[in-house]
């Protein structure tokens with residue numbers, strides 16, 4: 001017949017309780033030795049805090065056994081909860097906590113068997129077991145609560161840390177966006193500030209060309225200025241293009257073109273620099289067309305950059321070769337030079353932005369180190385690849401571009417654009433040039449007048465409106481960045497107030513970003529050209545205007 005636990009716990013066990021209280025130290029010593037033997041992994045079993053606490057627990061356990069009132073004989077549960085909490089804090093497992101009480105039970109029973117003047121009673125054994133079971137339950141509850149609280153705090157801490165990380169990432173992303181915005185604004189302003197002085201320089205070069213001075217030194221000086229101005233223009237364009245590529249802002253205007261013709265244009269463009277450095281150039285192009293679906297302007301840019309790179313990094317009097325061939329379903333462009341070569345450590349990085357090798361004399365060859373990076377970006381945008389090869393310093397280098405061939409040639413060949421008329425071989429126009437840079441306006445006016453045009457100049461918006469009102473122009477070449485009244489506002493007023501509906505309004509400016517072009521077209525311009533102005537492009541715009549009118 002089972003005995004009701006409540007009855008057992010209601011009975012006082014004074015002799016047992018007093019014996020436990022009197023000999024707490026001995027019991028702890030026995031427990032400590034046995035616990036270390038049976039739980040060697042519970043390395044903190046001798047922790048001073050735990051041992052001191054165990055003294056309180058055993059003394060209270062003895063007091064609970066001596067009490068007969070139910071309200072008092074559970075007093076040992078309070079220090080048991082502290083026991084469980086401390087065991088959690090010192091890193092014990094739940095199984096180790098339970099085993100700790102089991103060891104304590106055995107130690108207490110053995111001690112009582114040895115020190116009682118009589119055999120330990122059955123009900124006394126049950127009472128001790130029930131009290132320790134209550135202690136185990138209290139310790140486990142507190143242990144689990146401690147663990148759950150720790151997990152909650154850890155989770156809250158992780159959540160807070162995640163939140164802070166997200167905030168830092170967002171702040172970092174905003175900082176990067178702001179830095180990128182400022183960079184783009186800087187590049188746009190840089191291009192504007194560089195193109196403004198480039199415009200009158202190029203205009204002056206064209207004036208010298210038109211004048212055809214017989215002096216050989218004058219012609220040589222004109223050629224030097226022309227080549228260097230073209231090089232500076234290419235650097236500005238490449239710098240802006242590499243920024244557009246990074247922002248995904250380059251839209252390819254693809255058409256089916258003959259790669260042979262593209263490379264011929266590239267050679268023609270790079271020829272002045274190659275000749276200026278007295279290089280020997282070998283060009284091997286196939287007799288038959290090699291059709292590609294590409295943006296012809298961008299692919300010409302690829303060829304020019306490769307040739308310019310070869311010319312810059314080859315000592316004067318070197319040899320450069322360019323070839324185009326068809327290999328299976330690909331078109332292959334190879335540009336090789338006898339120049340400075342590429343070191344093995346630099347070869348894997350040669351297409352990264354702002355990476356440059358050394359030129360002769362162990363100094364930089366000039367430029368910003370973005371030409372080859374732009375080549376790779378443009379080639380990859382066309383679905384192709386580019387590789388660099390070199391046997392090392394002073395051994396020359398070779399660049400190989402592979403592009404997918406067109407699936408089919410154009411049905412009727414490429415449409416031939418009507419050649420633009422030269423500046424002096426078309427009907428004259430009344431042209432109004434508006435630019436706050438007086439050198440730019442006056443030099444362009446001189447150049448246009450040499451082509452037979454009637455030209456007037458203005459240097460701000462209100463003066464331009466007054467000049468257009470008094471003598472309505474056929475063509476207006478209008479700078480956007482005017483002081484006070486901008487070129488955009490001036491163009492709107494020309495259209496709305498002066499009703500210059502048939503006039504050709506051309507934005508001629510140093511600003512060439514996509515947003516700049518969009519705003520100029522929205523303001524009423526027919527075209528947006530960046531400085532320095534190419535007169536052949538202007539002639540083509542005039543011809544198109546004649547056709548549409």
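The values are calculated or read from the model by the stated rules, or taken from the named source; none is laboratory data. What you see is a predicted model, and the numbers here were worked out from it, not measured in a lab. Note that each Cβ is placed from the backbone with ideal geometry, even for glycine, and that neighbours are counted across all protein chains shown.
The strands (runs of 3 or more DSSP E) falling completely within the range 421-517 that include 3 or more residues that are within 20 Å of residue 542 (Cβ to Cβ) and within 40 Å of the chain's Cα centre (by Cα) map to 504-509.
Taking (1) farther than 18 Å from residue 270 by Cβ; (2) modelled with pLDDT of 60 or more; (3) in a loop (DSSP other than H, G, I, E, B) in turn, residue 412 satisfies each apart from (2). Screening 131, 216 for residues that are surrounded by 13 or more Cβ atoms within 10 Å (Cβ to Cβ) and more than 30 Å from residue 511 (Cβ to Cβ) leaves exactly one candidate, 131.
Here's the yes/no breakdown for (1) surrounded by 18 or more Cβ atoms within 10 Å (Cβ to Cβ); (2) within 19 Å of residue 34 (Cα to Cα); (3) within 60 Å of the chain's Cα centre (by Cα); (4) at pLDDT 80 or above:
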{"site": "49", "(1), (2), (3), (4)": "no, yes, yes, no"}
{"site": "55", "(1), (2), (3), (4)": "no, yes, no, yes"}
{"site": "79", "(1), (2), (3), (4)": "yes, no, yes, yes"}
{"site": "82", "(1), (2), (3), (4)": "no, no, yes, yes"}
{"site": "87", "(1), (2), (3), (4)": "yes, yes, yes, no"}
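Where residues in the range 492-507 are out of contact with any helix residue (DSSP H, G or I) (no Cβ under 8 Å at 6 or more places or on another chain) and surrounded by 14 or more Cβ atoms within 10 Å (Cβ to Cβ), which of them is nearest to residue 427 (Cα to Cα)?
Initially, the range 492-507 is screened for residues out of contact with any helix residue (DSSP H, G or I) (no Cβ under 8 Å at 6 or more places or on another chain), giving 492, 495-496, 499, 502.
Then drop every residue that is not surrounded by 14 or more Cβ atoms within 10 Å (Cβ to Cβ), which leaves 492, 495.
Values: 492: 27, 495: 24 Å.
Only one residue tops the list, namely 495.
Just give me the residues in the range 272-292 being in a helix (DSSP H, G or I) and within 20 Å of residue 372 (Cβ to Cβ), in sequence order. Explain how you work it out, then say what you get.
Initial filter on the range 272-292 (in a helix (DSSP H, G or I)): 272-276.
Across the range 272-292, the qualifying residues are 273, 274.
Evaluation of residue 533 against the conditions (1) at pLDDT below 90; (2) surrounded by fewer than 18 Cβ atoms within 10 Å (Cβ to Cβ); (3) part of a loop (DSSP other than H, G, I, E, B) shows that the sole unmet condition is (2).
Report whether or not residue 253 is out of contact with any helix residue (DSSP H, G or I) (no Cβ under 6 Å at 6 or more places or on another chain), modelled with pLDDT under 90 and outside any loop (DSSP other than H, G, I, E, B). No; evaluated as a whole, the condition is false for this residue.
Taking the conditions (1) more than 22 Å from residue 193 (Cβ to Cβ); (2) surrounded by fewer than 17 Cβ atoms within 10 Å (Cβ to Cβ); (3) out of contact with any strand residue (DSSP E or B) (no Cβ under 8 Å at 6 or more places or on another chain) in turn, residue 454 satisfies each one other than (3).
Kindly provide the set of residues from the range 367-388 that are part of a strand (DSSP E or B), in contact (Cβ under 8 Å) with a residue 24 or more places away in the chain and within 18 Å of residue 343 (Cβ to Cβ), ordered by number.
Filtering the range 367-388 for residues part of a strand (DSSP E or B) gives 385-388.
Retained after the next criterion (residues that are in contact (Cβ under 8 Å) with a residue 24 or more places away in the chain): 386, 388.
Answer for the range 367-388, where residues must be part of a strand (DSSP E or B), in contact (Cβ under 8 Å) with a residue 24 or more places away in the chain and within 18 Å of residue 343 (Cβ to Cβ): just 388.
Output the residues belonging to the range 293-309 that are assigned to a helix (DSSP H, G or I) and touching a residue at least 60 places away in the same chain (Cβ under 8 Å). Residues satisfying the conditions are 298, 299, 301, 302, 304, 305, 306, 308, 309. Restricting the range 315-326 to residues that are in contact with a helix residue (DSSP H, G or I) (Cβ under 9 Å, 6 or more places away or on another chain) and in a loop (DSSP other than H, G, I, E, B), the residue that is surrounded by the most Cβ atoms within 10 Å (Cβ to Cβ) is 318.
Conditions tested, residue by residue: (1) modelled with pLDDT under 85; (2) under 30 Å from residue 36 (Cα atoms); (3) part of a loop (DSSP other than H, G, I, E, B).
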| residue | (1), (2), (3) |
| --- | --- |
| 99 | no, yes, no |
| 106 | no, yes, no |
| 125 | no, yes, no |
| 144 | no, yes, no |
| 151 | yes, yes, no |
| 157 | no, no, no |
| 186 | yes, no, no |
| 196 | yes, no, no |
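Confirm whether residue 489 is over 27 Å from residue 427 (Cα atoms) and surrounded by fewer than 17 Cβ atoms within 10 Å (Cβ to Cβ). In short, yes.
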